[in-house]
Amino acid sequence: MSSTDQKGLRVAITGGTSGLGLALVRELADRGARVAFIARHHADVERVSSERPAATGIVGDVSRKEDIHPIAIQVLGALGGLDVLINNASSLGPVPLVPLADTDCEDLERALATNLVGPFRLTKALLGSLAASAREGGCPLVVNVSSDAAVTPYPRWGAYGASKAALHHLSRIWSEELASEGIRIVSIDPGDMDTPLHALAVPDADRSTLKSPAIAAREIADVIAATGQGSARSASLEREVVQQ
Amino acid sequence: MIPASIATQRPRDARLLVIDERGAITHRTRADFQTLVRAGDVVVANDAATLPASLAGIHVPTGGTVEVRLAGRDSLLPRDVSRFTAVVFGSGDFRTPTEHRPSPPFLRAEDELRLGPLRAFVLDVLAHPRLIELRFENPVADIWEGLARHGRPIQYAYVPEPLAIWDTWTRIASLPVAFEAPSAGFILGWDLIDVLRKRGAAFATITHAAGISSTGDAELDRLLPLDEPYNIPASTAALLKACRDRDGRVIAIGTTVVRALEHAARANGTVRSGAGTATQRIGARTRLKCVDAILSGTHEQGTSHFDLLRAFQDDDVLSRMEREADAHGYRTHEFGDSVWLANSRSRRIEHEGDLRSCA
């Protein structure tokens, strides 16, 4: 795929100021996509905004119900519509990791709020825009960032693993249901990456064995490009006609 | 009619009053809507999401509290959010019926308004002392953030609980450009859209900046609807053309769809795609060029929405509709029951036996 395949593609990325999310902001912006990114902390959003002034930074927390529509409104205000939503923001649950039997219920709820309910809410709020992209000839896509912990029962990864397993299954069901609208939903496991989240989970990991988030971001961008296959271009052409 | 006072978009017991091409009235449930749609029809909805267009704040020259309701804008372009037409109310909020709201301070050009994080100036006072053109001074991204964070959905006293923004978004809500919910679209769910397609109908959308429905001031209400920008995707125009060619019907979900499609319609009933601004009034004397039937909320006489229905059916039929709706306890306003009105002057009646002559 040449980088111009993603020119003009309208992409929103949650958790866009560190780790894989930040790498995705950089990769997709470099490929010519129009990017809006969301993160919880104003200072982090400012920092990435100054690095990437063409991208739009939005302060918001996907685990908070009240933040979802303000996030959606600002994404749509910045991009004028949406072709790709990447639900990347993730919570580990209790840190340091503990066995499920020692996991506070509130910590499980927090992991579910960020990793399952948040992506569900944000996708729902933006579904109308994704369907509009499909009707106008685009090939809209939702990428839910998953993990091998979604399928393998790693001890001490209970809150995270259970929430990612639920997200993975949600993606599969939704993908079946939304096929008739032309919206695709995929769940992608980017592999073990050298990110702040991984460092929190496994502080003594040998970082040389971990994948660079930039490489994972490139792989995900390739998946998006393969899904688009030129139809995103016809949609953006229509938009140009409409929005000039 | 009784106002619907609970913000439920798809109440299970919602009713549907059906008026056919010849003015015959039947009472159905809203779940029956799908059975009125036939293979070959195209169902067109407004996919505008609702802006939190009510902004509480201060009129800086007097220190008086105001509520500014954004009501109009020149285009749907996302970067074009500095200038709005707005209706200004005095102190209080939606809990006071609009007709009892105190007047705002006397407004003049160049007055500053502080609306939460947003700073605005009155550019001009328009055809009424409470109708203004304003300009936000903030950068565009900050205007969007200010609206998203500080704005609240426009609401009326008949719904006592504060609306959340998600109460006002239809299932298909896309670009946030409507000042009030395009509420006829509350009927839509993804399941229903699927059912319509399975019945052989097409589903299409326009995006139309639905304006405010009422101000509580008779003189100001007479200025409604204000000009409303809209966009018709090329894909929608193509579906409408194909529908005309096979002699299907165009079914509009809501008054805003009628206004946009008729504004963009050519004499042969096809529409121009692209951006436009609907400036026309639709009423008893309007000859509809494109739309064959409307699914709408129930509207009361004297409102611009009701006037639009007069293009579909004669006044005596609409009077009967009102009597029937009253007698059968229909609920009105955005969370209320629905009506289906076939266009009694549709080409398919006038040209019976020669339906293709207009296609």
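Every number in this text was worked out from the coordinates using simple rules, so none of it is lab data. Given the structure is predicted, the values throughout are model-derived calculations rather than measurements. As a convention, Cβ positions derive from the backbone with ideal geometry for all residues, glycine included, and neighbour counts pool all protein chains shown.
Under 25 Å between alpha carbons, and skipping anything fewer than 8 positions from B:Lys289 in its own chain: which lysines qualify?
By straight Cα distance, B:Lys289 reaches B:Lys241.
In peptide B:165-176, what is the residue-averaged number of other protein chain Cβ atoms found within 10 Å of each Cβ?
6
How many angstrom lie between the C-alpha centres of the stretch B:127-146 and the stretch A:82-147?
For the stretch B:127-146 versus the stretch A:82-147, the Cα centre distance is 34 Å.
Send over the per residue convex hull volume for chain B, Cα only, as a whole number of Å³.
123 Å³
Which order do peptides B:43-49, B:18-24, A:19-25, B:323-329 fall in by mean Cβ count within 10 Å, highest first? Provide the component values of the computation, followed by the final result.
Details: B:43-49: 28.7, B:18-24: 16.1, A:19-25: 26.9, B:323-329: 13.4.
Packing proxy ranking, top to bottom: B:43-49, A:19-25, B:18-24, B:323-329.
Given the C-alpha centroids of the stretch B:212-227 and the stretch A:61-80, what is the distance between them in whole angstrom?
31 Å
Can you tell which of B:Val44, B:Ile212, B:Ala14 lies farthest toward the positive end of the dipole of chain B, using +1 and -1 charges on the Cβ of basic and acidic side chains (Lys, Arg; Asp, Glu)?
Sorting the options by dipole projection puts first B:Val44.
Given Cα pairs under 8 Å that are at least 6 residues apart, what percent is the relative contact order of the stretch A:3-243?
Values: 457 pairs, mean separation 52.0, N = 241.
It rounds to 22 percent for the stretch A:3-243.
Sequence gap at least 6, Cα distance under 8 Å: using those rules, report the relative contact order of the stretch B:62-189 to the nearest whole percent.
Over the stretch B:62-189, the number comes to 21 percent.
Provide the per-residue ³J(HN,Hα) series for the stretch B:182-193, in order, calculated from phi with Karplus coefficients 6.51, -1.76, 1.60 and θ = phi - 60°, each as a whole number of Hz, with x at glycine and proline positions.
Taking θ as phi minus 60°, the curve returns x, 6, 4, x, 4, 5, 6, x, 5, 5, 5, 4 Hz for the stretch B:182-193.
Extending each Cα 7 Å along its Cβ direction at A:Leu100 and A:Glu177, get the distance between those two points in nm, one decimal.
For the pair A:Leu100/A:Glu177, the computed spacing is 2.5 nm.
Identify which of B:Val339, B:Val177, B:Val37 has the largest mean-square fluctuation in a Gaussian network model of chain B, with springs joining Cα atoms closer than 10 Å.
Ranking B:Val339, B:Val177, B:Val37 by mean-square fluctuation puts B:Val37 first.
Taking H placed 1.01 Å from N in the peptide plane, check which residues at least 5 places from A:Met193 or on another chain put their amide H under 5 Å from its amide H.
For A:Met193, whose amide H was placed from the backbone, the distant partners under 5 Å are A:Lys211.
Explain nothing, just compute: Karplus ³J(HN,Hα) = 6.51 cos²θ - 1.76 cosθ + 1.60, θ = phi - 60°, for every residue of the stretch A:96-102 in order, whole Hz, x for Gly and Pro.
Going residue by residue, I get x, 4, 9, x, 3, 5, 9 Hz, with x marking Gly and Pro.
Between rounded, prolate and oblate, where does the stretch B:179-270 land on the alpha carbon gyration tensor, with a ≥ b ≥ c its root eigenvalues, rounded for a/c under 1.5, else prolate if a/b exceeds b/c?
Oblate.
Can you tally the net charge around B:Ile143? Count Lys and Arg as +1, Asp and Glu as -1, for every other residue whose Cβ sits under 12 Å from the Cβ of B:Ile143.
+2
Starting from the amide H of A:Ile86, placed 1.01 Å from N in the peptide plane, find each other amide H under 5 Å away whose residue is 5 or more places distant or on another chain.
Result for A:Ile86 returns A:Ala12, A:Ile13, A:Thr14, A:Val143.
Please give the direction-averaged projected area of the C-alpha convex hull for the protein assembly as shown, in square nanometres with one decimal.
Dividing the Cα hull surface by four gives the mean projection, 27.9 nm².
Take the Cα of B:Val60, step 7 Å along the line toward its Cβ, and report every residue of the stretch B:103-144 whose backbone nitrogen sits under 13 Å from that point.
B:110-123, B:135-138
Grab the Cα-Cα distance for B:Arg199 and B:Ser319, subtract it from 0.36 nm times how many residues apart they are, and report the gain in nm with one decimal.
Residue separation times 0.36 nm, minus the Cα-Cα distance, leaves 39.9 nm.
Distance between Cα centroids, the stretch B:4-77 to the stretch B:261-318: provide it in whole Å.
Taking the Cα centre of each part, the stretch B:4-77 and the stretch B:261-318 sit 15 Å apart.
Considering every residue in B:228-236, what mean count of other chain Cβ atoms within 10 Å of its Cβ is obtained?
For peptide B:228-236, the averaged partner shielding equals 3.
Placing +1 on the Cβ of each Lys and Arg and -1 on the Cβ of each Asp and Glu in the stretch A:3-243, which of A:Val151, A:Gln74, A:Ala23 has its Cα farthest towards the positive end of the resulting dipole?
A:Gln74
Can you run phi through the Karplus equation (6.51, -1.76, 1.60; θ = phi - 60°) for the stretch A:28-34 and list ³J(HN,Hα) in whole Hz, with x for Gly and Pro?
Residue by residue, the stretch A:28-34 yields 6, 5, 5, 7, x, 6, 8 Hz.
Antiparallel versus total DSSP beta bridges in chain B: what percent is that, nearest 5?
So the antiparallel bridges in chain B amount to around 70 percent.
Rounded to whole Å and sorted largest first, what semi-axes of the equivalent ellipsoid does the C-alpha gyration tensor of the stretch B:54-150 yield via the square root of 5 times each eigenvalue?
20, 14, 13
Using modelled amide H (1.01 Å from N, peptide plane; none on Pro or chain starts), what sits under 5 Å from the amide H of B:Leu175, excluding residues fewer than 5 places away?
Result for B:Leu175 returns B:Ala49.
Give, rounded to the nearest 20 debye, the magnitude of the charge dipole that the protein assembly as shown has about its Cα centre when Lys and Arg contribute +1 at Cβ and Asp and Glu contribute -1 at Cβ.
1260 debye
Report the trypsin sites (Lys or Arg not before Pro) located in the stretch B:101-154 that are in a DSSP loop and have at most 15 other Cβ atoms inside 10 Å of their Cβ, or state none.
Answer by residue number: B:Arg108.
Lysines within cross-link reach of A:Lys65: Cα-Cα under 20 Å, excluding same-chain residues under 8 positions apart?
Reachable lysines: A:Lys124, A:Lys164.
So what are chain A's ellipsoid semi-axes, whole angstrom, largest first, if each one is the square root of 5 times an eigenvalue of the alpha-carbon gyration tensor?
With the √(5λ) rule applied to chain A, the semi-axes are 29, 19, 17 Å.
Please work out, to two decimal places, the log10 of the ratio I(q)/I(0) at q = 0.09, 0.11, 0.13 Å⁻¹ from a Debye calculation in which every Cα of the stretch B:226-359 carries one identical scatterer.
Computed log10 I(q)/I(0) values: -0.27, -0.40, -0.56.
How charged is the neighbourhood of B:Asn46? Take every other residue with its Cβ under 12 Å from the Cβ of B:Asn46, and add Lys/Arg as +1 and Asp/Glu as -1.
That works out to -2.
Taking 0.36 nm per residue of separation and subtracting the Cα-Cα distance, what length does fully extending B:Ala127 through B:Thr96 add?
Values: separation 31, 0.36 × 31 = 11.16 nm, distance 2.44 nm.
Gain on stretching B:Ala127 to B:Thr96: 8.7 nm.
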